[in-house]
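This report concerns only the one structure given below.
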Amino acid sequence: MTDKNEIITKFIELYGGDPSDVRVFSSPGRVNLIGEHTDYNGGFVFPAALSQSSTVAVRRNDSGFIRIAATDLPDRVCLDISKLADYKDLKWGNYQAGVAYVMQQSGYLISSCDILYDDTVPFGAGLSSSAAIEVVMALVIAQFSYEQGVTDKPNMIELAKLSQKAENTYCGVNCGIMDQFASAMGRKNHAVFLDCKDLSFKYVPLDLNGYKIVIGNTNKKRSLAESKYNERRAQCEEALSQLKLAYPEAECLRDISAEQFENAKTLVLDDICRMRAEHVIYECDRVLKSVEALNSGDIRSFGNLMTASHISLRDLYEVTGPHLDIMVEESLAIEGCIGSRMTGAGFGGCTVSIVADYAIDEFISEVGKNYESRTGIVPAFYISEAGDGGREIL
Ligand code: GLA
């Protein structure tokens, strides 16, 4: 996490004025431990918030504009509060504009302000840098709107939903709720077991006795991720519409059990759509089993479920690609790594592995060396600590 005084100093260098009225808010990225491509099918997910985050220093004013800058980018944007619908084509800043627009439409007061972003979530790595940017923006707006008596105290689940809506309707990515929910609601040292159908959730302590969660960044930027993502969603919808002939009461794929699926899968005419549905339905089961395994301290079973998830994402959902597959293969070749899978949307980005404490140094050096020699790309590794969700840093 960014140091509070450091970001305030940079804010003053950029915008001037007095540090005493600058406030700092932060919202994290996430790593999903298991339950991939299930959220938009009403299924289960199991993410943890990271300590890497999007932190902002911000000060209200009455200019009629939101000015936004970042510590690591040359881009600057200036949003006219009376024209928030107009910024969809921004290369950087459209997530923030989208959140402000959607919140304005929902009755929040949008305050003029200057903002400086400091992002430590690697960009485009499947660790939800965009959700972190959105949720912290939503929190700033909601807090100011509340302080001016226009809306109630910020409700983090509501802010997660508004952030998702901005990404869907303003930025054109048809994502589910997982990333924004994890960023808004994460808790230190815990993962969030979330039912995406009704947003009920439980915090599960990450007591990994002797093991750590290691994130491996393939440094392969996700390509065509958005169009393929939207295509996967459409394939799931097609499978559901055909399975409904047998189970008319099913509202989403998650409502169909593995056994029901096996009995009716021939109703799904297209082979590809059938494979997509099979992944989703069995992945939901794996999440339930993972939570049970972790609750009973059975880390090995959890690791096996993670690896099974990767295989399903590779063979049935087809969202892994060679870089993620190579990294998982090299990870599992290390004695002491008991489970490994891709995390996030796929098509590049990161893996998540469970590695015994004693094997971590070897894991990082060997997987790093072997991955590089097979792909020509130098990867990066982070030992993940589950952090807190969106909040003001006081
Ligand atoms: C992206 C989306 C999420 C989720 C994952 C896949 O991260 O933003 O909503 O669908 O992909 O599990």
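The values are calculated or read from the model by the stated rules, or taken from the named source; none is laboratory data. Please read these numbers as outputs of a predicted model, since none were measured by experiment. Reconstructed Cβ throughout: ideal geometry from the backbone, glycine too, with neighbour counts over all protein chains shown. SASA here: full protein model, heavy atoms, side chains in, ligands and nucleic acids out. Shrake-Rupley method; radii C 1.70, N 1.55, O 1.52, S 1.80 Å.
Carbon and sulfur together cover what percent of the accessible area of the chain at a 1.4 Å probe radius? Mind dumping the intermediate values first?
Working: 7680 of 15890 Å².
Looking at the chain in its full context, I get 48 percent from C and S.
In whole Å, how far is the Cα centre of the range 43-77 from that of the range 273-319?
33
7 Å from Cα along Cα→Cβ at both Asp89 and Tyr203: what's the point-to-point distance in nm?
Here the modelled spin labels are 4.5 nm apart.
Roughly how many debye, to the nearest 20, is the charge dipole of the chain about its Cα centre, given +1 on each Lys and Arg Cβ, -1 on each Asp and Glu Cβ, and no other charges? Walk me through the intermediate numbers first.
Values: 38 positive and 55 negative charges, 85 e Å.
Dipole of the chain, to the nearest 20 debye: 400 debye.
As a test of the definition: which semi-axes, in Å, follow for the chain when you take the square root of five times each eigenvalue of its alpha carbon gyration tensor? Largest first, please. Don't jump to the answer; show the numbers that get you there.
Working: eigenvalues 248, 130, 69 Å².
Each semi-axis is the square root of five times an eigenvalue, giving 35, 26, 19 Å.
Do any of Lys202/Lys265; Lys188/Lys289; Lys10/Lys88; Lys91/Lys153; Lys197/Lys221 go past 24 Å between their Cα atoms, and which? All intermediate terms of the calculation are to be shown ahead of the outcome.
Details: Lys202/Lys265 32 Å; Lys188/Lys289 22 Å; Lys10/Lys88 28 Å; Lys91/Lys153 32 Å; Lys197/Lys221 30 Å.
Table pairs above 24 Å Cα-Cα are Lys202/Lys265; Lys10/Lys88; Lys91/Lys153; Lys197/Lys221.
Find how much the distance from Leu245 to Ala380 grows on full extension, using 0.36 nm per residue of separation minus their present alpha carbon separation; answer in nm with one decimal. Each step should come with its number before you reach the end.
Values: separation 135, 0.36 × 135 = 48.60 nm, distance 4.70 nm.
Fully extending the segment from Leu245 to Ala380 adds 43.9 nm.
Given the rule -39500 (n - 2.57) for each run of at least 4 DSSP H residues, summed and divided by the residues of the chain, what is its mean residue ellipticity at 222 nm, to the nearest 500 deg cm²/dmol? Could you put the intermediate results ahead of the total?
Working: 11 runs with 160 residues, N = 394.
That comes out to -13000 deg cm²/dmol.
Taking only protein heavy atoms and a 1.4 Å probe, what accessible area per residue, in Å², does the chain have with all protein chains in place?
Values: 15890 Å² over 394 residues.
Averaged over the residues of the chain, the accessible area is 40 Å².
Can you work out the Karplus-derived ³J(HN,Hα) for every residue in the range 232-238? Use 6.51 cos²θ - 1.76 cosθ + 1.60 with θ = phi - 60°, whole Hz, and x for glycine or proline.
4, 4, 5, 5, 5, 5, 5
With angles folded into 0 to 90 degrees, how steeply does helix 94-105 sit against the dominant principal axis of the chain? Use alpha carbons for both and round to 10.
Roughly 70 degrees, rounded to the nearest 10.
Each label point is 7 Å from the Cα along the Cα-to-Cβ direction; what then is the distance between the points at Asp3 and Val150, in nm?
With each label placed 7 Å out from Cα toward Cβ, I get 3.6 nm.
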